[in-house]
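Engineer: Below is the structure I would like to discuss, written out as structure tokens.
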Amino acid sequence: MLQLALNPALDRAQLDALLAAIAAQVMPTGHFYVYGEGDRLMAPVFYVGRRQALSAEEWNAWFAALAARLPRREPPTQASLAARHDLAAFLLPLYASLREQGTPEMQARMLPGVTAALRALD
């Protein structure tokens, strides 16, 4: 996915398909990622963000859709804990990468959505 995100030949429709595929894998049903998968999933999203193909509103909607998939179960279940863990493992390195390596334009477009999704973990 990272190599595809870096490919300048990809058009907007292809970037949307790439982001949809990543979103489908951020929180696989009932599975805890433990081998750095969140970092590997985050990297292509970061580089798609560098391309300036999506607006702030589109990024906000993309991150909101991820957060909306969090199961809201009381008491927590194994599946809801796995989803929360996997989403955090994706969002936290993305947040750090945006803060440390993102351009001001990337930060303005992406950080509000990432921050709102992080708040949804509470």
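Engineer: Which order, highest average first, do 99-112, 32-45, 5-18 follow once you tally other Cβ atoms within 10 Å for each residue and take the mean per peptide?
Structural biologist: Per-residue Cβ counts within 10 Å, averaged per peptide and sorted highest first, yield 32-45, 99-112, 5-18.
Engineer: If you average the alpha carbon positions of the stretch 6-36 and of the stretch 103-119, how far apart do those two centres end up, in angstrom?
Structural biologist: Using only Cα atoms to place each centre, the spacing works out to 18 Å.
Engineer: Just how large is the dipole of the stretch 1-114 about the Cα centre, in debye to the nearest 20, putting +1 at every Lys and Arg Cβ and -1 at every Asp and Glu Cβ?
Structural biologist: 120 debye
Engineer: How long is the chain along each principal axis, judged by its Cα atoms, biggest number first, in Å?
Structural biologist: Cα spread of the chain along its principal axes, largest to smallest: 45, 24, 24 Å.
Engineer: Quick one: length gained pulling Glu105 to Ala24 fully straight, 0.36 nm per residue minus the C-alpha distance?
Structural biologist: 26.5 nm
A short reminder: the numbers here are calculations on the coordinates, not readings from a lab. Just so it is clear, the structure is predicted and the values come from calculations on it, not from any experiment. Reconstructed Cβ throughout: ideal geometry from the backbone, glycine too, with neighbour counts over all protein chains shown.
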